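Engineer: Here's a structure for you.
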Amino acid sequence: MEKIIRVRNLEYVYPDGTRALKGINLDIHKGESVGLIGPNGAGKSTLLLHLNGILKANQGEIEVLGMKVEEKNLVRIRQKVAIVFQEPDDQLFMPTVFDDVAFGPMNVGFPEEKVRKKVKEALKEVRMEGYEERCSHHLSLGEKKKISIATVLSMEPEILILDEPTSNLDPGARKNLIELLKNLNLTRIVAGHDLELILETCPRVILLDKGKVVANGDTKSVLGNKSLMESHGLEVPLSLRYLGG
Ligand code: ADP
């Protein structure tokens, strides 16, 4: 399988001296959907912010789509690696849904007709056609999350990174988002604490704690391992608790 992300010996220390990543090694293959879990402060967000060069490694190496994550490749890498943050209000800032979803493609200079096409396709992918003229800030949280995914899909990324995609959603909106994620046909990394979501959408999971990878493998085996999960401040999800019992 083609490696689409390759991380070797990644170390990162914040300016205040906090050692957030202590020698991370991992590979993500094309078309995979991988969960990233770990207790608060494990280093998940810090790792994700390295994948499109928002943070710069102190040591080690990251390659995305065969390109080293370094200054000269950042424009291309940021087009290909999309991060959807937990809080949609960090991603939506234009007067209308159309403007928000069009922002990326316009910024890279696509002609108007292509921008319109990309917006239409992205809204269709998140099942939000017809919302073009609505004001993003007046939508429900579930709708805002879908629009924030559309704002990155319109750039035709190859890798979609979602940080806590279901946080604060009601059960209906959560289910709706999970169905949508399952149908997106691109390499995905899903980070967060919604372990049922990760079980449902990610065959492989990486468990981080204290800046290190402490498990990397089949999602059911990792999430179902009580002593492993509990020693890293996590719990076996309900749906795996009574297997064989
Ligand atoms: P997670 O996303 O798994 O909750 P983070 O990547 O946010 O973990 O944090 C990893 C470590 O880095 C924690 O110890 C956290 O306190 C620290 N950290 C995060 N952001 C900063 C920052 N801007 N400055 C200093 N330390 C930070």
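The values are calculated or read from the model by the stated rules, or taken from the named source; none is laboratory data. This is a predicted model, so every value here is computed, not measured. In this analysis, Cβ positions are derived from the backbone assuming ideal geometry, glycine residues included, and neighbour counts consider all displayed protein chains. Protein only, heavy atoms only, side chains kept; ligands, DNA and RNA dropped before computing areas. Shrake-Rupley method; radii C 1.70, N 1.55, O 1.52, S 1.80 Å.
Engineer: Among rounded, prolate and oblate, which fits the range 113-160 when a ≥ b ≥ c are the square roots of the eigenvalues of its C-alpha gyration tensor, a/c under 1.5 means rounded, and a/b larger than b/c means prolate? All intermediate terms of the calculation are to be shown ahead of the outcome.
Structural biologist: Numbers: a/c = 2.20, a/b = 1.33, b/c = 1.65.
It is oblate, given that a/c is not under 1.5 and a/b is not larger than b/c.
Engineer: Related question: Taking only Cα atoms of the chain, what ratio of Rg to Rh do you get with Rh as the Kirkwood inverse-distance radius?
Structural biologist: Numbers: Rg = 18.2 Å, Rh = 18.7 Å.
Rg/Rh: 0.97.
Engineer: What does the net charge come to around K22 if you take all other residues with beta carbon closer than 12 Å to its beta carbon, with K and R at +1 and D and E at -1?
Structural biologist: Numbers: positive: R19, K210, K212; negative: E11, D209.
Overall, the nearby charge balance is +1.
Engineer: Along each principal axis of its Cα atoms, how long is the range 70-205 end to end? Whole angstroms, biggest number first, please.
Structural biologist: Extents along the principal axes: 41, 38, 23 Å.
Engineer: Could you tell me which of L195, A150, N225 has its Cα farthest along the dipole of the chain towards the positive end, charges placed at Cβ (Lys, Arg +1; Asp, Glu -1), taken about the Cα centre?
Structural biologist: The one lying farthest along the dipole's positive direction is N225.
Engineer: When the expected Rg is taken as 2.2 N^0.38 Å, what fraction or multiple of it is the alpha-carbon Rg of the range 1-79? Present the calculation step by step, with values, prior to reporting the outcome.
Structural biologist: On the way: Rg = 12.4 Å, N = 79, 2.2 N^0.38 = 11.6 Å.
Normalised Rg, Cα atoms only: 1.07.
Engineer: Counting heavy atoms of the protein chains only and a 1.4 Å probe, report the per residue accessible area for the range 118-175 as a whole number of Å².
Structural biologist: Working: 2610 Å² over 58 residues.
Ligands and nucleic acids excluded, the figure is 45 Å² per residue.
Engineer: Divide, for the range 172-245, the radius of gyration over alpha carbons by 2.2 N^0.38 Å, where N is the residue count. The partial results should precede the final answer.
Structural biologist: On the way: Rg = 12.9 Å, N = 74, 2.2 N^0.38 = 11.3 Å.
Taking the Cα Rg and dividing by 2.2 N^0.38 Å, one obtains 1.15.
Engineer: Looking at this model, which pairs from K56/K117; K80/K212; K22/K118; K30/K120; K144/K212; K80/K226 are more than 31 angstrom apart at the alpha-carbon? Don't skip to the answer; put the middle values down first.
Structural biologist: Numbers: K56/K117 34 Å; K80/K212 26 Å; K22/K118 39 Å; K30/K120 26 Å; K144/K212 33 Å; K80/K226 37 Å.
Long pairs (Cα-Cα over 31 Å): K56/K117; K22/K118; K144/K212; K80/K226.
Engineer: Which residues' amide hydrogens lie under 5 Å from the amide hydrogen of V84, considering only partners 5 or more residues apart or on another chain, with H built in the peptide plane?
Structural biologist: I161, L162, D163
Engineer: Sorted by accessible area with a 1.4 angstrom probe, largest first, how do H138, H193, H29 fall? Walk me through the numbers before you get to the answer.
Structural biologist: Values: H138 145, H193 80, H29 40 Å².
Descending order: H138, H193, H29.
Engineer: Let me spell out the model: positive unit charges on the Cβ of Lys and Arg, negative unit charges on the Cβ of Asp and Glu, origin at the Cα centre of the range 1-126. What dipole size does that give, in debye rounded to 20?
Structural biologist: Details: 19 positive and 18 negative charges, 86 e Å.
Result for the range 1-126 is approximately 420 debye, rounded to the nearest 20.
Engineer: Leaving ligands, DNA and RNA out of it, report the carbon-plus-sulfur percent of the accessible area of the chain at a 1.4 Å probe.
Structural biologist: Values: 5860 of 12010 Å².
Heavy-atom surface of the chain belonging to carbon and sulfur, 1.4 Å probe: 49 percent.
Engineer: From the residues L177, L162, L36, which one has its Cα farthest along the dipole of the chain in the positive direction, the dipole being from +1 and -1 charges on Cβ of Lys/Arg and Asp/Glu about the Cα centre?
Structural biologist: Of the options given, the answer is L36.
Engineer: Placing +1 at every Lys and Arg Cβ and -1 at every Asp and Glu Cβ, with all other atoms neutral, what dipole size does the chain have around its Cα centre, in debye to the nearest 20? Display every interim value, and only then the final one.
Structural biologist: Numbers: 34 positive and 35 negative charges, 118 e Å.
My answer is approximately 560 debye.
Engineer: What is the distance in Å between the Cα centroid of the range 180-245 and that of the range 60-76?
Structural biologist: Using only Cα atoms to place each centre, the spacing works out to 28 Å.
Engineer: Report the antiparallel proportion of the DSSP beta bridges in the chain as a percent, rounded to a multiple of 5. Walk me through the numbers on the way to the answer.
Structural biologist: Working: 21 of 38 bridges.
Just about 55 percent of them are antiparallel.
Engineer: If you don't mind, another one. Over the Cα atoms of the range 28-116, how large are the radius of gyration and the largest Cα-Cα distance (Dmax), in Å?
Structural biologist: Just the Cα atoms of the range 28-116 yield Rg and Dmax of 15.4, 45 Å.
Engineer: Per residue of the range 44-53, what does 6.51 cos²θ - 1.76 cosθ + 1.60 with θ = phi - 60° give for ³J(HN,Hα)? Whole Hz please, x for Gly and Pro, Karplus curve as stated.
Structural biologist: 4, 5, 4, 5, 4, 5, 7, 6, 10, x
Engineer: How large is the accessible surface per residue of the range 1-98, computed with a 1.4 Å probe and reported in Å² as a whole number?
Structural biologist: Details: 4780 Å² over 98 residues.
Per residue, the range 1-98 has 49 Å² of solvent-accessible surface.
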